[in-house]
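S.K.: Structure provided below as structure tokens; questions to follow.
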Amino acid sequence: MGDMTPADLLRRFHEDIRLRHREDEPGPGVVLDADGPVLRRYPEVPGASYAMVESPRGLGDDPDHWIGRVVDFFTGRGERVEWKTYAYDEPADLRARLTRAGFVPQDEEVLLLGEVAVLIHPVVLPHGVRLRGVDAGDDGAFRRIHELVGRVWGEDEGFDRSTTADLQREKGAAPDRLDVVVIERESGGDVLCAGWLRYTEGTGFASLWGGSTDPGWRRRGLYRATVSHRAQLAAARGYRYMRVDTSADSRPILTRRGLHAVTTTTPVVLPAPRSRVDAR
């Protein structure tokens, strides 16, 4: 990690990513704007993609005012929204306030940060599988990624709108900002593991996303292979730091390679209004 401590890494992440509204670079048809201290990401057409907000500078003297404005805005659009919270966000009781306003906390994740170089290591894949990149025009690969993610995580409320369809559009619109990697059977092409890598231009940060592995193929090095490959891609582009929100499954793999747990992050979700859900 050189001279960078975990606290240094978190400070750089906060300044370069969160304060500059770079949690999620916009794809086609996506709006990034701010309502006071709340940074918003939402589709131009309600329901065409996912919606997310955060408040990296805190919510000032009247937090419930800004929370209420988020509820009114997205309820008015008939839209589900995720408020991405971090353990150090202000006010300290932000998640409790969100819960009182109708948001539902999801599973806590741990933010890992560290040097790209520590993730590069040789991995021997099992016989009969291969690793490759996926271009935007490869509809079959994106369909198989969609099927894999559905098997691993289930078809939740926002799945169809926000997973592979957004990913494919994003890859087509900005191919230099995103690499999609799969491990698939050499015969038949079934996707067994998939992950993607985003490059945050103007910063030293790349970020790992996805990382879904078929349950029958876990503990065979597939995820580690995609991590190493994506780190090599980032290093070749001159990116120094890697960031990733981790579950309990992937965290031990990444911390053993040298990434550092710097804080926790919890998505808190306001469901779409019931009438909109029933209409689908």
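S.K.: Would you mind telling me which residue in Gly210, Gly258, Gly188 has the biggest mean-square fluctuation in a Gaussian network model of the chain, where springs connect alpha carbons within a distance under 10 angstrom?
M.R.: Gly188
S.K.: Run lengths n ≥ 4 of DSSP H only: what is the helix-derived mean residue ellipticity at 222 nm for the chain, with -39500 (n - 2.57) per run over all residues, to the nearest 500?
M.R.: -9000 deg cm²/dmol
S.K.: Name the shape class, rounded, prolate or oblate, that the alpha-carbon gyration tensor gives for the stretch 115-263, where a ≥ b ≥ c are the square roots of its eigenvalues, rounded holds for a/c under 1.5, and otherwise prolate holds if a/b is larger than b/c and oblate otherwise.
M.R.: Here the stretch 115-263 falls in the rounded category.
S.K.: I would also like to ask the following. Please give the length that would be gained between Val45 and Ser247 if that part of the chain were fully extended, namely 0.36 nm times their separation in residues minus their C-alpha to C-alpha distance (nm, one decimal).
M.R.: Result for the pair: 69.6 nm of gain on full extension.
S.K.: Of [x] 65, 40, 35; [y] 54, 46, 34; [z] 57, 51, 31, which one was derived for Cα extents along the principal axes in Å from the structure shown?
M.R.: Recomputing Cα extents along the principal axes in Å here picks out [z].
S.K.: If R₀ is 22 angstrom, what is the calculated FRET efficiency for the pair Leu19 and Arg97, using the beta carbon separation as r and rounding to 0.05?
M.R.: Calculated transfer efficiency: 0.55.
S.K.: Taking 8 Å as the Cα distance limit and 6 or more residues as the minimum spacing, I'd like the relative contact order of the stretch 115-263 as a percentage.
M.R.: Taking the mean separation of contacting Cα pairs over the length of the stretch 115-263, I get 31 percent.
S.K.: Let me ask another. Mind checking the full-extension length gain between Ala87 and Arg177? Use 0.36 nm per residue of separation minus the Cα-Cα distance, one decimal, nm.
M.R.: Using 0.36 nm per residue and subtracting the Cα-Cα distance, I get 29.6 nm.
S.K.: How tilted is helix 164-173 with respect to the longest principal axis of the chain? Cα atoms for both, answer in degrees (0 to 90, nearest 10).
M.R.: 80 degrees
S.K.: Let me check against my output: what whole-number percent is the relative contact order of the chain, with C-alpha pairs under 8 Å and at least 6 apart?
M.R.: The value is 27 percent.
S.K.: A further question on this structure: Compute the distance in nm between two label points, each set 7 Å from the Cα along the Cα-to-Cβ direction, one at Trp153 and one at Val124.
M.R.: 3.3 nm
S.K.: Against the longest principal axis of the chain, how steep is helix 139-153, in degrees 0 to 90 to the nearest 10, with axes from Cα atoms?
M.R.: For 139-153 against the chain, the angle is about 70 degrees.
S.K.: What residues qualify as long-range amide H neighbours of Thr246, i.e. H under 5 Å apart, gap of 5 or more or another chain, H built at 1.01 Å from N?
M.R.: The list, which skips near neighbours in sequence, is Val110, Leu111, Leu112.
Every number here is computed from the coordinates shown, using simple stated rules; none is lab data. Computed from a predicted model, the values in this text were never measured in an experiment. Please note: Cβ atoms are built from the backbone with ideal geometry, for glycine as well, and neighbour counts cover all protein chains shown.
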